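Okay, so here's the structure we're looking at.
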Amino acid sequence: MDTLQKAVDFCIRHQTTLSFSIVSLLTAASERVFSYVVFKCPCNSENLVYGYSFLLAPAFVLLLLGYMMNARTWRLFTGMCSPEKHPQYCSWRTWAHFCQLFVPMTAKASVAPLTWIAVALLGANFYECAASGSNMTAQLFCKNKGNYSQEQLYKMPCDEELAAAMSSLIGWFLIVTIMALALISTCVTHCFSPVSYLQFKFWKIYSRKEHKLFETKAKEHANKLAERNTNCFFEATDPAPFPTPSNEDWQKVSVSYTFNSQSQYYSVLHKYVNTNRGNDAEFQEEGQDLNVIEFVDEAQPSVSGL
């Protein structure tokens, strides 16, 4: 039992790393299946388009899925175009805030597509097919190797091993670049962290607990409200008073979190309940730090996805 508990605790502590690893493994496996089962190079003038389509089109689809599966995407866009919010979204400050949130969202959504491209380049099938349909790459591969017609190049690259080697080289360069950028960006964001390491760990624990309790309480509240309305309908009675958050309250607790060093709030909900249900002027004050503590918004329960 202790071993199981330790395993669960490990998964909870490293859930982000594990989720990225699982996504990468599934993407790599899918690419291998596509490469050997679905992909068939046409060996004609369509080689270039066909090869790059298999290399880039699935990556683009995976990028879109990455956005769709990110709870922060829907937190950011939901209600953004409503008439009530339209005036406040016209300022440059709002769009700068939007870009600050969108960049880390894009970085996380890019895990699967970049994995697809890297694995595909290491496998070389897609690149070899695309390269054989390109005049530029054909000239690079075939110089000093005799005269070849374009039709011959479509059927088989002049130097298949060279094409595979170049594809693998690009793939490894992409992997190294991604890992280096990931490490540098992580180091930089932690260097500029507004809180200490131990407070950062406490904050993550609090955030997970709050979201878990919020989901539980939301289900209980929805169940009680549904039960009251259903009973009133079938029993033909008037409903008893039932306190529930107003539309304005939901709007207040649904905004993206920003850190303000002048006040110690660990979430928008924490700030809301400590500022007279969001009616104090302090609630409207915005912070500056977003990227280091983005887990506050991203640890949303499953109900946040639409």
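Is it fair to say R72 is of a type in the set (D, E, K, R), modelled with pLDDT of 75 or more and touching a Pro at 6+ places or on another chain (Cβ under 9 Å)?
yes
Only one of the listed residues (K201, K252, K209, K224) is among the charged types (D, E, K, R), exposed (fewer than 12 other Cβ atoms within 10 Å of the Cβ) and either modelled with pLDDT of 85 or more or in contact with a His (Cβ under 7 Å, 6 or more places away or on another chain) (or both). That residue is K209. Pairs linking a residue in segment 60-86 that is assigned to a helix (DSSP H, G or I) to a residue that is at pLDDT below 70 and loosely packed, with under 11 Cβ neighbours inside 10 Å, with Cβ atoms under 8 Å and 6 or more positions apart or on different chains, are W74/L306. Looking across segment 170-198, the residues that are surrounded by 14 or more Cβ atoms within 10 Å (Cβ to Cβ) and either hydrophobic (A, V, I, L, M, F, W, C) or part of a helix (DSSP H, G or I) (or both) come down to I170, G171, L174, I175, I178, S185, T189, V195. Looking for something of a type in the set (D, E), modelled with pLDDT under 65 and either on the phi < 0 side of the Ramachandran plot or more than 19 Å from the chain's Cα centre (by Cα) (or both) - is there at least one such residue anywhere in segment 122-134? No - not one qualifying residue is present in segment 122-134. On the given criteria, is A107 at pLDDT 80 or above, touching a helix residue (DSSP H, G or I) at 6+ places or on another chain (Cβ under 6 Å) and of a type in the set (G, A, S)? No, not satisfied.
The values are calculated or read from the model by the stated rules, or taken from the named source; none is laboratory data. Given the structure is predicted, the values throughout are model-derived calculations rather than measurements. A quick note on method: Cβ atoms are made from the backbone with ideal geometry, for glycine too, and the neighbour counts reach across all protein chains shown.
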